[in-house]
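Student: I have a structure here, written as C-alpha cells, and I will follow up with some questions on it.
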Amino acid sequence: MGNNLERIEQTMASESPTLKRVLGLWPAVLYGLGVTIGAGIYVLVGPAAGRAGMHAPLAFVIAAVAMAFTGASFAEFGGRNPVSAGEAAYVKSALRSRVLATIVGYLVIATGVISAAAVSVGSAGYIALFLPWPNVVLIVMVVVLMGLVAIWGIQESIAFAGLMTLIEIGGLLILIVAGMVMRPDVFTRMPEIVPVGDWAVWSGIFSASLLAVFAFTGFENLANIAEEVKRPERVLPEAIFLTLIVTTVLYVLVVWVSVLAVPPAELSSSKAPLSLVFERQTGLPHAMISAIAIAATLNGVIVQFIMASRVLYGLAHQGGAPRLFGAVNATTRTPVLATVTVVAISGALAVSISLEGLADLTARTTLVTFSLVNLSLLIVKIRSDQPAGPGVFVVPIWVPVMGFILSTAFLLADLGN
C-alpha cells in the first residue's frame, strides 16, 4: 500500500494487540449485504407501493443510481484511508478539522446505536409470535446475545451475520420464485414499471425513491471494518459495488412481484407487507416468513453493533474518544469495551424510548454524512496534495460532485416533506 496505509500500520504497531486482517471479499460482501438489506425491505415495500403504485420498482432503481455515486466515493476513500471510523478520517483528511471529523464519527455511532435499538424492538416483536414472553425480556435477550456475538470475534461475528444474511436473502428469493411461478409474465410485463407521461405519477415515484434511499444505506459501513479486511484497497471497492448490485436486483424483483401479487393500495395498508405477499402467492401461513424476519432483524442488530463499536474504536485511535475505547482484547481481538458501551446504550434506548422520530433523524444524519464524505473527496481531488497510493481505486472528479448533489437533494427533499 501507499503512505497512508504505512502510516496507519506504524501507528497500530505501537499498540498491542490490534484488530486482525482476516476478511476476504466474500465475507465482506456478506457483511455489506447484511447491513444494507437488513430488515427494512420487509416493511418498506408497502409504503413505497402506496406512493408509486405499480411503478414502485423504478423508485428503487432511481435510489440505487443515486447511491452508486456515494458508493464509489466510499470505495476510493476506503483504499486511501483503510481505517475504522472511516467517515471521520475522510472528513478530517479533507477539511482538516478534528472537531468536524469527531462530530461525523459520533453521528455514525449514533446511527448504528439507534438503528440497533429499533431493530432489537422489531426482532422482539417477531420472536413474541413464537415465544410469548414480556417484551422487555425479549428485547434484553436479543441485545445481550447479539452483543456477545459481536464480542466473540470478527470472524465469528461475520460468520454468524453471514449465515443470517443467507437466510434473509433466501426469504426474498422464495418470494421472487413464488411470484414467478404464480405470474409467468413477471418479466414480459416489466416495461409497465416505467410510466409514460403524467407528471403526477412521476411525482409519486420520486417520493417513493426517498423511502428507497434508506433501504440502500448500510453499504458505507464496509468502510468501518477496513482494518479487518485483507488488501482493503482492492477488496473494499469490490465489496461495495457487489453489495449495491445484488441489493438492487433483489429489491427490484421483490417489489415487482409484490405489486403484481397484491394491489398497491392493499399492500400499503399492511403492517407486514411481505408476509401478506407470501400468503397471497402460496396460500401458506406466514410463519416461515416471520421466522426469516427474525433472522433478518437479528442480523441487523449484530452488524450495527460491529459497525458502531469499530467507529468508536477508530475515534479513540484518532484522538476523538478516550483511548481506553481503542483497547483490543488479546483473546478475541475485538474492541470489547467499545462493543459493551455500544450494546449498553442501544439496550437502554430499546427498552425505554420510542424510536420512530429518532429513526427519521438517523436517516437524515446518514445523508448528511454522505454529503460530507462526497464533499471531502472532491476537496482532496481539487487540492491534489494527497495522491492515492498504488493499487487504490480512483474515481473521476465528477463522481463525488454527483454524489454530493444527489445526497444533498434527497436530504432537502426529505426535510421538505
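Student: What residue among Gly391, Gly153, Ile292 has its Cα farthest toward the positive end of the dipole of the chain, where the charges are +1 on Lys, Arg and -1 on Asp, Glu, each on the Cβ?
Tutor: Farthest along the dipole direction, towards plus: Gly391.
Student: Based on alpha-carbon centroids, what's the gap between the range 110-124 and the range 214-237 in Å, whole number please?
Tutor: 21
Student: On to the next question. What residue among Leu33, Ile62, Pro191 has its Cα farthest toward the positive end of the dipole of the chain, where the charges are +1 on Lys, Arg and -1 on Asp, Glu, each on the Cβ?
Tutor: Leu33
Student: Please report, as a whole percent, how much of the solvent-accessible surface of the range 113-217 comes from carbon and sulfur atoms (probe radius 1.4 Å).
Tutor: Carbon and sulfur together cover 78 percent of it.
Student: Based on the Cβ-Cβ distance from Val249 to Val201, what FRET efficiency comes out when R0 is 25 Å, to the nearest 0.05? Present the calculation step by step, with values, prior to reporting the outcome.
Tutor: Details: r = 24 Å, r/R0 = 0.96.
The value I calculate is 0.55.
Student: With Rg and the Kirkwood Rh both taken from Cα atoms, where does Rg over Rh land for the range 182-292?
Tutor: Reported Rg/Rh (Cα atoms, Kirkwood Rh): 1.05.
Student: Same structure again: Calculate, for the range 230-374, the solvent-accessible area per residue in square angstrom, rolling a 1.4 angstrom probe over the heavy atoms of the protein chains.
Tutor: So the range 230-374 comes to 36 Å² accessible per residue, rounded to a whole number.
Student: Once a ≥ b ≥ c are taken as the square roots of the eigenvalues of the Cα gyration tensor of the range 51-171, is the result rounded (a/c under 1.5), prolate (a/b larger than b/c) or oblate (a/b not larger than b/c)?
Tutor: It comes out oblate by the Cα gyration axes.
Student: May I ask you to list, by number, the DSSP H helices of the chain whose Cα span along the axis is at least 20 Å and whose average Kyte-Doolittle hydropathy reaches 0.5 or more?
Tutor: Those that clear 20 Å and a mean of 0.5 are 56-80, 98-127, 135-152, 154-182, 199-216, 232-261, 287-318, 336-352, 356-383, 398-416.
Student: What net charge is computed for the residues neighbouring Glu192, neighbours being all others with C-beta under 13 Å from the C-beta of Glu192, Lys and Arg scored +1, Asp and Glu -1? Write out the running numbers ahead of the final one.
Tutor: On the way: positive: Arg183, Arg189; negative: Asp185.
In short, +1.
Student: May I pose another question? Find out how many positive minus negative residues lie around Arg234, taking Lys and Arg as positive, Asp and Glu as negative, among other residues whose Cβ is under 14 Å from that of Arg234.
Tutor: Details: positive: Arg21, Arg80, Lys230, Arg231; negative: Glu76, Glu233, Glu238.
For residues surrounding Arg234, the net value is +1.
Student: What net charge do the residues around Ala161 carry, taking every other residue with its C-beta under 15 Å from that of Ala161, with Lys and Arg at +1 and Asp and Glu at -1? Spell out each step's value before the answer.
Tutor: Values: positive: Arg310; negative: Glu156, Glu168, Glu228.
With Lys, Arg at +1 and Asp, Glu at -1, the neighbours total -2.
Student: Order these peptides, 141-154, 282-295, by their mean beta-carbon neighbour count within 10 angstrom, highest first.
Tutor: Highest-to-lowest ranking by the protection proxy: 141-154, 282-295.
Student: I need the per residue convex hull volume for the chain, using only the alpha carbons, in cubic angstrom as a whole number. Let's see the in-between values first.
Tutor: Numbers: hull volume 55.0 nm³, N = 417.
Looking at the chain, the number lands at 132 Å³ per residue.
Student: Out of all Cα-Cα pairs in the range 239-397, roughly what percent, to the nearest whole number, are more than 23 Å apart?
Tutor: Working: 7892 of 12561 pairs.
So the portion of pairs separated by more than 23 Å is 63 percent.
The values are calculated or read from the model by the stated rules, or taken from the named source; none is laboratory data. For clarity, every value in this text was computed on a predicted model and none was experimentally measured. Note: ideal-geometry Cβ built from the backbone for every residue, glycine included; neighbour counts use all protein chains shown. We work out accessible area using only protein heavy atoms, side chains counted, and drop any ligands, DNA or RNA first. Shrake-Rupley method; radii C 1.70, N 1.55, O 1.52, S 1.80 Å.
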